[in-house]
């Protein structure tokens, strides 16, 4: 695989994680409800996962992701972290530069949970996310794995 394809692919996966992670704010919650799982990730897991990915620490990124994401998404996080680990410092910087504003630090961000729809072992959670003065609406798909709600498909 060419370095440009690798950079684009890594940036896309990591960028998706960063975009999700940018929605951090304050409010603790657990994974026992769909909205609680989203809040738990935004409050407690996103920054740690993104930091591990940027450090190329696939094990740490996977460990953090497994608390918040479904099994399929955990593999994507590990893959992205592994790609970063395999890059030279110059290639990492190039990937970060291509992603641009998606790698903004976790400051001045807030979110508001909206409608929650639960149907058996699947759910969706609507959230309004404000970062850098701009508000966007996100829909989080979740599945129940091992009696805990996990975000799933966001990195696809």
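The values are calculated or read from the model by the stated rules, or taken from the named source; none is laboratory data. Bear in mind the structure is a predicted one, so any value in this text is a computation, not a measurement. No Cβ is skipped: glycine too gets one built from the backbone with ideal geometry, and neighbour counts run over all protein chains shown.
When residue 84 is tested against the conditions (1) within 25 Å of residue 125 (Cβ to Cβ); (2) in contact (Cβ under 8 Å) with a residue 40 or more places away in the chain; (3) out of contact with any strand residue (DSSP E or B) (no Cβ under 6 Å at 6 or more places or on another chain); (4) buried (at least 22 other Cβ atoms within 10 Å of the Cβ), the lone failure is (1). Considered as a group, the residues in the stretch 27-36 that are in contact with a strand residue (DSSP E or B) (Cβ under 8 Å, 6 or more places away or on another chain) and either at pLDDT below 85 or within 24 Å of residue 130 (Cα to Cα) (or both) include one that is surrounded by the fewest Cβ atoms within 10 Å (Cβ to Cβ), and that residue is 33.
Screening 85, 80, 19 for residues that are under 29 Å from residue 148 (Cα atoms), at pLDDT 80 or above, outside any loop (DSSP other than H, G, I, E, B) and in contact with a helix residue (DSSP H, G or I) (Cβ under 9 Å, 6 or more places away or on another chain) leaves exactly one candidate, 80.
Of the residues 102, 63, 90, the single one that is more than 28 Å from residue 144 (Cβ to Cβ), surrounded by 14 or more Cβ atoms within 10 Å (Cβ to Cβ) and either modelled with pLDDT of 80 or more or within 12 Å of the chain's Cα centre (by Cα) (or both) is 102.
How many residues does the stretch 61-75 contain that are in contact with a strand residue (DSSP E or B) (Cβ under 8 Å, 6 or more places away or on another chain) and in a helix (DSSP H, G or I)? Going through the stretch 61-75 one residue at a time, the tally reaches 2. Please verify whether residue 151 is modelled with pLDDT of 90 or more and surrounded by 13 or more Cβ atoms within 10 Å (Cβ to Cβ), treating the condition exactly as stated. For residue 151, the condition - modelled with pLDDT of 90 or more and surrounded by 13 or more Cβ atoms within 10 Å (Cβ to Cβ) - is met.
Tallying residues that are within 17 Å of residue 154 (Cα to Cα) and either surrounded by 18 or more Cβ atoms within 10 Å (Cβ to Cβ) or touching a strand residue (DSSP E or B) at 6+ places or on another chain (Cβ under 7 Å) (or both) within the stretch 37-60 yields 11.
Of all the residues that make up the stretch 132-156, how many are part of a strand (DSSP E or B), closer than 27 Å to residue 79 by Cα and over 14 Å from the mean Cα position of the chain (by Cα)? So the answer is 5.
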